[in-house]
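The values are calculated or read from the model by the stated rules, or taken from the named source; none is laboratory data. All values reported here derive from a predicted model rather than from experimental measurement. Note that we place each Cβ from the backbone using ideal geometry, even for glycine, and neighbour counts take in every protein chain shown.
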Amino acid sequence: VKLDIPDSELMAEKLGMVVLCANCGRRLEQVGRLGTWKHEDSKLGYCSDRVSKANPSSSYAKPRKLP
Ligand SMILES: [Zn+2]
């Protein structure tokens, strides 16, 4: 999947300031200390309203790389 992530976001990620989603490229924030993630804007774990039934985990917040 080709993500359209702004350079500024990629730079912030590189600097360890933000965590971006591997599936949708949006910013993530960690939920508690359990290692789960949600999207910063929607406050939801899922990337979109339309979740793939065949592969639900592919549409769930997943860090591109951990801080
Ligand atoms: Zn996502």
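Among the residues of segment 23-50, how many are assigned to a loop (DSSP other than H, G, I, E, B), surrounded by fewer than 17 Cβ atoms within 10 Å (Cβ to Cβ), at pLDDT 90 or above and not charged (D, E, K, R)?
Here the count works out to 3.
Would you point out the residue of segment 2-22, among those that are free of Cβ contacts under 8 Å to residues at least 24 places away in the same chain and in contact with a helix residue (DSSP H, G or I) (Cβ under 9 Å, 6 or more places away or on another chain), that is surrounded by the most Cβ atoms within 10 Å (Cβ to Cβ)?
Only one residue fits best here, namely Val18.
Cβ contacts < 8 Å: first residue closer than 16 Å to Glu13 by Cα, restricted to segment 23-39; second residue basic (Lys, Arg), any location; separation 6+ or different chain. Result?
Asn23/Lys62; Leu28/Lys38; Glu29/Lys38; Trp37/Lys62; His39/Arg26; His39/Arg27
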